[in-house]
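Working notes for the structure below.
The values are calculated or read from the model by the stated rules, or taken from the named source; none is laboratory data. These figures come from a predicted structure and were not determined experimentally. Cβ sites come from the backbone with ideal geometry, for glycine too, and all protein chains shown count toward neighbours. We work out accessible area using only protein heavy atoms, side chains counted, and drop any ligands, DNA or RNA first. Shrake-Rupley method; radii C 1.70, N 1.55, O 1.52, S 1.80 Å.
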Amino acid sequence: MDDFPVPTKAAFVSALLLASSLAAPSAYACSACGCTLNSDWASQGLAASGGWRFDVRYDFFEQDQLHSGTDSVSRADFSFPTDQEVQQYTVNRNYTFSLDFSPNKDWGFSAILPWFDRSHATIAEGDTAISTSHDEGISDLRLMARYAGFDAQRSTGIEFGIKLPTGQFNSPFESGPQQGALLDRGVQLGTGTTDVLVGVYNFGALSPDWGYFAQALVQQALNSREDFKPGTGVNLNLGLRYTAGATFVPQLQINARVEKREQGAEADVENSGATLVYLSPGVTWNISRRFSAFAFVQVPLYQRVNGLQIEATQLASVGMHYHF
């Protein structure tokens, strides 16, 4: 995909990979754990050409900073037991496997399957000791399509698809006072719901050496499952990349996500929903005509959460692309 002119090289993935939204009544955890991270390195994605492509990506982020609104909160301010949950950390080691097929330059189709490895610790309402869990397994499968036949340059496109409930959503705590109680639905491997995704994108060249992209994508649950419905999410991405070098291509992105509160009896309504904005510098290494690798760091610029939630101070993403 690196043999195409600059606008095509700036074409980006149609399928926004949102890490899936991740119970005793007293053991709730923030719904934003993992689900508000936007690791969609859009301009790394699907070139407007025919053929197959396979991607593998690894994301690491540790959520351990308590936030309320736009302010950081110290755990030293709490005296246990309390009348609310105080989360300790959520460590995420996530893998994503994507297979894409483009029968022509106008259409493309992709399947995206995440594999999550997540450790979580919290002190539930009324408890004085930490309860912990560790889960590994597939998350929710996404099937996406894109169409870019609106102009000869194929610089504008639409994307649409569905998220299927393939991830487990009934994992329990493994230790501590909450042992055996179900984790909050917000930190499960899957949401249990079927969601629709709809988006639009545009890319182009600012100069012979600079390309840009912009994307907006909405995710909406179509149903609830066992008294839980994840909040509607909107992702906005804007990026620049410097293409003068054939081997190393630096890039800078701004990624934003706005998510509404969860709904349902099993939802943590008060402590769910957020607005998050990240600055994401990175680089792509074009190893060969068909094979490339990338690395990015994501640093929060703005974090506003509902209630009391934990967020990450930085996030890392590395991956590889192979174009058959």
At what distance in angstrom do the alpha carbon centres of the range 69-107 and the range 156-209 lie from each other? 11
So how far apart, in nm, are the two label points at R289 and F97 if each is 7 Å from Cα heading toward Cβ? 2.8
On the first, second and third principal axes, largest extent first, how far apart are the outermost C-alpha atoms of the range 69-121 in Å? 61, 25, 16
Could you state the accessible area per residue of the range 243-293 in Å², with a 1.4 Å probe and every protein chain left in place? 45
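Could you sort T247, T193 by accessible area so the largest value comes first, with the probe set to 1.4 Å?
Largest accessible area first, the list is T247, T193.
For the range 81-232, just say rounded, prolate or oblate: build the C-alpha gyration tensor, square-root its eigenvalues into a ≥ b ≥ c, call rounded for a/c under 1.5, and beyond that prolate if a/b exceeds b/c, oblate if not.
Note, shape of the range 81-232 comes out prolate.
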Per its Cα gyration tensor (rounded if a/c is under 1.5, else prolate when a/b beats b/c, else oblate), the range 261-324 is best filed as prolate
For R304 and V198, what does the FRET efficiency come to when R0 = 22 Å and r is the distance between their Cβ atoms, rounded to the nearest 0.05? 0.35
Shape category assigned to the range 154-305 from the gyration tensor of Cα positions, a/c cut at 1.5: prolate
Where the range 41-194 is the region considered: accessible area per residue in Å², 1.4 Å probe: 40
Report in % the part of the accessible area of the range 178-303 that belongs to carbon and sulfur, leaving out ligands and nucleic acids; probe 1.4 Å. 63
Among the aspartates and glutamates, which fall within straight-line cross-link reach of K105, defined as a Cα-Cα distance under 20 Å, with same-chain neighbours fewer than 8 residues apart omitted? D2, D3, D55, D151, E159
